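Quick notes on the structure that follows.
The values are calculated or read from the model by the stated rules, or taken from the named source; none is laboratory data. Keep in mind that this is a model prediction, so the values were computed, not measured. In case anyone asks, the SASA skips ligands and DNA or RNA and just uses the protein heavy atoms, side chains included. Shrake-Rupley method; radii C 1.70, N 1.55, O 1.52, S 1.80 Å.
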Amino acid sequence: DQDEETSNTSESLESVSLADASAEKATQGSDTDLEVEDPEKAFVGITGTELYLEACRLMEVVPVSHFIQNLAKPYINLNHHGLGPKGVKAIAIALVSNTTVTHLELEDNCILAEGAICIAEMLRENSSLQELNISNNHLDTAGAEAIASLLLDNMSYLHTLQLSGGLWLQLAGRSHCLCTFVSLQGNYQVKELDLSHNEFYEKGGQLLGQMLASNTTLEILDLSWNHLRRQGTVALGTGLRSNSALKILNLSWNGVGNEGALALGEALKVNTVLVHLDISNNQINNEGAKKLCRGLEVNGKLKILKMANNPLTMEGASALVTSVRKNPKSMMEEINISNVLVNETFIKLLDLVCQTHPELDVIYGEVEGCITKIPKQHPNPMKVIQNYLKEHNLRLWDFFRNIDKDGNMKIPVAAFQRAMMQQSSIPLDRVQIGELVRKLDRNRTGVVDY
């Protein structure tokens, strides 16, 4: 009896052991946060899945179902997934030979220097990834240098890189990280770079100015919230004078001040490529606006100038609009001074300028005294157009097609405004045309898609 009892106990333990082994085998290599009955069948035929699962097993991290499900698609968003350096390393391993993913979002994953180094190593081998966001990831000096070295060697195919708030360093190590700037001097791949919220101070602006003077590829640069201040902006202005590629520059929230505005104004006198400049929230007053206007009076390329939330008054606002009036070559389409209170004199000046520059749209604050007056009622511009078409037995389609010179059913807002201002058959003023544009381009895409 004792032998029989021992035998039964042994069989029972063996069956439990086999059950445990079977359960371990079933879960091993599967996506543990994916709610499917048979994960292995769900991923049959997806390139790189097995490689990723094996990497996760080696890194001892939980596989991310969203990554597996999108591994065969061009866009993967893994922002705020809490991946950590090991989780990112597993992803990097899976992407080394991947040929489908072109845009990868990894913001706010605490990947640290270790993760950044793995990403940089992957990018040296991957030939498909073109857009990468590794913002807010505490890359530290080693991580920043790994990315900088990658750019310096022109070893990746990236044309868009977001590093906003990602280079959080001790002050002593900050200068090392600034090599990211210098590395772009000879880089011929990256066209769009976001380095906002990195607190580079004036030193960063000086190094970046050197880079802009020689870089011939970068087209979009975001340097907002970096404490560049006067000296940093002066250096940037110097770099912009000889730059032949940058089209969009964001310098908002940098304490630029009047001296920085002067440097940018001097740069605009000779720069022939910049079309969009954002210097909002920069402590630029009327004096600084007038200094900037020295460049606006001769520049023939800039289209959008954002200057909201600077301490400007009517005097500064009038100077900006007058600079466009003085410049027959001006291409200005938008001036944003949305916090400035204007008066009727300014409105008359703007109406006068728009006669020669019909594409100009100035976004200002309230009109002084309009609260006490009964606001002027304008007929609905769309109804005015409909009434005209009805009277002349025309279709709305014909109306738009007559403006659309290219025939692609999309009209740039500036061209639409110009056409509406210059035609005389439909009586619409500047305010009505502005209202019409806001209705036809609700998302401010810059295009009227009729």
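Can you return the lysines within cross-link range of LYS191? Criterion is Cα-Cα under 17 Å, with same-chain partners fewer than 8 residues away left out.
LYS247
Expressed as a whole number of Å, what is the distance separating the alpha-carbon centroids of the stretch 300-342 and the stretch 187-244?
Computed from Cα coordinates, the inter-centre distance equals 23 Å.
Compute the separation of the alpha-carbon centres of the stretch 405-438 and the stretch 252-296 and state it in Å as a whole number.
29
Mind computing the radius of gyration and Dmax over the alpha-carbon atoms of the stretch 301-450? Å is fine for both.
Cα radius of gyration and Dmax of the stretch 301-450 are 16.2, 51 Å respectively.
Using only the Cα atoms, work out Rg/Rh for the stretch 51-133, with Rh taken as the Kirkwood radius, to two decimals.
Rg divided by Rh gives 0.91.
Looking at this model, which pairs from LYS326/LYS348; LYS326/LYS439; LYS290/LYS439; LYS348/LYS410; LYS301/LYS326 are more than 24 angstrom apart at the alpha-carbon?
Values: LYS326/LYS348 16 Å; LYS326/LYS439 31 Å; LYS290/LYS439 33 Å; LYS348/LYS410 31 Å; LYS301/LYS326 15 Å.
Over 24 Å apart, Cα to Cα: LYS326/LYS439; LYS290/LYS439; LYS348/LYS410.
Enter the accessible area per residue of the stretch 253-400 (Å², integer; probe 1.4 Å; all protein chains in place).
49
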